[in-house]
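Trainee: Just passing along the structure, written as structure tokens.
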Amino acid sequence: MDEQRNTVAIPVGDAQLPADLMLPAQPVGVVLFAHGSGSSRHSPRNVAVARALNGRGLGTVLVDLLTPTEDEVDARTAELRFDIGLLASRLAGIVDWLAVQRPAGDVPIGLFGASTGAAAALVATSSRADRVSAVVSRGGRPDLAEEALAQVRTPTLLLVGGLDEEVITLNERALAELGEVGELRVIPGATHLFEEPGTLEQVADQAGTWFTTHLSR
């Protein structure tokens, strides 16, 4: 499969956010990734899921939501990684950039959020219902999206490890807020980071099916 890979700086407000774009020759959609606390666009788990999505004809955007300077501050204080409002506003700005600049063409946009990144993805989605067509949360903290959950109108898949009991409970509560647009699936035998053999592959497979279903025109 012919692919185009670029590293770009996406302007959002006063920030320039580094991002890795992987675009198949004729993408059917593009998925923007929001990583979890203390991680980066180089997260091996998100990279693995992104490659699986590329294999299904989906473009992917792996981005750092903090600038290098902010990242240095966060490494000392761990404050910004939990600033869901800031992260969500950055994601919304990148969604707008994708919709206007169209690096993948005029294709539907999806969001894939992990851990705290899932909360940011849902808050961003609640304000960009006209531009985000599908959301997947991996081991996410959708509860941190708080009142924005009830405003989400976009098909949202919540994937949680079967051994991640506390997060299952949090996702069940979030599902009640999401209502009919939400679906919760539990991956048997998986802990929070889906490190067990075959579990991350199940995440990639289910996410791929969700996105190809909801991003296809």
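Trainee: For VAL107, which of the numbered conditions (1) assigned to a loop (DSSP other than H, G, I, E, B); (2) exposed (fewer than 14 other Cβ atoms within 10 Å of the Cβ) fails to hold?
Mentor: Of (1) assigned to a loop (DSSP other than H, G, I, E, B); (2) exposed (fewer than 14 other Cβ atoms within 10 Å of the Cβ), only one is false for VAL107: (2).
Trainee: Is there any pair with a first residue in the stretch 43-65 that is under 14 Å from VAL30 (Cα atoms) and a second that is among the small types (Gly, Ala, Ser) and surrounded by fewer than 20 Cβ atoms within 10 Å (Cβ to Cβ) whose Cβ atoms are under 8 Å apart and which are 6 or more apart or on different chains, and what are they?
Mentor: Close Cβ pairs (under 8 Å, with a partner that is among the small types (Gly, Ala, Ser) and surrounded by fewer than 20 Cβ atoms within 10 Å (Cβ to Cβ)) amount to LEU62/SER43.
Trainee: Within the stretch 149-174, how many residues turn out to be assigned to a helix (DSSP H, G or I) and either within 23 Å of GLY29 (Cβ to Cβ) or open to solvent by 30 Å² or more (accessible area, probe 1.4 Å) (or both)?
Mentor: Matching residues across the stretch 149-174 total 7.
Trainee: If GLU177 satisfies every condition in (1) surrounded by fewer than 22 Cβ atoms within 10 Å (Cβ to Cβ); (2) under 26 Å from PRO44 (Cβ atoms) but one, which is the exception?
Mentor: (2) is the only condition that GLU177 fails.
Trainee: Tell me, please, whether a residue that is under 22 Å from ARG131 (Cβ atoms), in contact with a strand residue (DSSP E or B) (Cβ under 9 Å, 6 or more places away or on another chain) and without any contact (Cβ under 8 Å) to a residue 12 or more places away in the chain can be found in the stretch 23-31.
Mentor: Scanning the stretch 23-31, I find no residue that is under 22 Å from ARG131 (Cβ atoms), in contact with a strand residue (DSSP E or B) (Cβ under 9 Å, 6 or more places away or on another chain) and without any contact (Cβ under 8 Å) to a residue 12 or more places away in the chain, so the answer is no.
Trainee: Out of GLY59, GLY13, GLY29, report the one residue that is farther than 17 Å from THR116 by Cα, among the small types (Gly, Ala, Ser) and at pLDDT below 95.
Mentor: GLY13
Trainee: Something else: Before we move on, is GLU146 closer than 21 Å to LEU86 by Cβ and either of a type in the set (D, E, K, R) or open to solvent by less than 40 Å² (accessible area, probe 1.4 Å) (or both)?
Mentor: Yes, satisfied.
Trainee: Looking at this structure, is ALA99 touching a residue at least 12 places away in the same chain (Cβ under 8 Å), open to solvent by less than 40 Å² (accessible area, probe 1.4 Å) and outside any helix (DSSP H, G or I)?
Mentor: No.
Trainee: Follow-up question, since we're still on this one. Can you give me the number of residues within the stretch 117-133 that are surrounded by fewer than 24 Cβ atoms within 10 Å (Cβ to Cβ) and touching a residue at least 40 places away in the same chain (Cβ under 8 Å)?
Mentor: Result for the stretch 117-133: 1.
Trainee: Which members of the stretch 134-143 meet the condition of being open to solvent by 10 Å² or more (accessible area, probe 1.4 Å) and within 9 Å of the chain's Cα centre (by Cα)?
Mentor: Selection gives ARG138 alone.
Trainee: Those residues that are open to solvent by less than 20 Å² (accessible area, probe 1.4 Å) and either assigned to a helix (DSSP H, G or I) or within 25 Å of GLU147 (Cα to Cα) (or both), I need them from the stretch 183-209; list them, please.
Mentor: THR199, VAL203, ALA204, ALA207, GLY208
The values are calculated or read from the model by the stated rules, or taken from the named source; none is laboratory data. Source: prediction; values computed, not measured. A quick note on method: Cβ atoms are made from the backbone with ideal geometry, for glycine too, and the neighbour counts reach across all protein chains shown. The accessibility values were calculated without ligands, DNA or RNA, using every heavy atom of the protein model including side chains. Shrake-Rupley method; radii C 1.70, N 1.55, O 1.52, S 1.80 Å.
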